Amino acid sequence: MHKIEAVLQPSKLDAVKDALLAAGIEGMTILEARGHGRQKGHTEFYRGREYTVDLLPKVKIEIVVTDDLKDKAVHAIISAARTGRIGDGKIFITRIDEAIRIRNEERGESAL
């Protein structure tokens, strides 16, 4: 099993969710986040004053998938989130040793 964490632009959330559902991935956790990468934020003017916005709004999607769905999930995220510009986001993949469903103590892939 693998945990896939994708940090992306909020405007791409619906497209990524739909792409994951179409790929057969139903369970996901979505978190609102703030951060920056290479773009380092930007400056804006508000009521005549300039200020720096250095933490940009992002969305983090977390999914745990079986080994055979990992590549399909990554492809779905990339194809739905890519604009080709800085700030598209990142995907992090980690190995999961165990998953346990709290309700009935199912373990492993059946707990997903």
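The values are calculated or read from the model by the stated rules, or taken from the named source; none is laboratory data. Bear in mind the structure is a predicted one, so any value in this text is a computation, not a measurement. Backbone-built Cβ (ideal geometry, glycine too); neighbour counts: all protein chains shown.
Structure summary
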| read-out | value |
| --- | --- |
| Long-range neighbours under 8 Å by Cβ, at least six apart or interchain, first residue at pLDDT 95 or above within the range 49-71, second hydroxyl-bearing (S, T, Y) | I61/T29; E62/T29; I63/T29 |
| Residue within the range 14-23 that is of a type in the set (G, A, S), in a loop (DSSP other than H, G, I, E, B) and in contact with a Lys or Arg (Cβ under 6 Å, 6 or more places away or on another chain) present | yes |
| Single residue of the range 18-48 satisfying the filter (closer than 15 Å to G89 by Cβ, in contact (Cβ under 8 Å) with a residue 40 or more places away in the chain and under 14 Å from the mean Cα position of the chain (by Cα)) that is surrounded by the fewest Cβ atoms within 10 Å (Cβ to Cβ) | A19 |
| Residues satisfying the stated conditions in the range 1-45, i.e. of a type in the set (V, I, T) and closer than 28 Å to E98 by Cβ | I4, V7, V16, I25, T29, I30 |
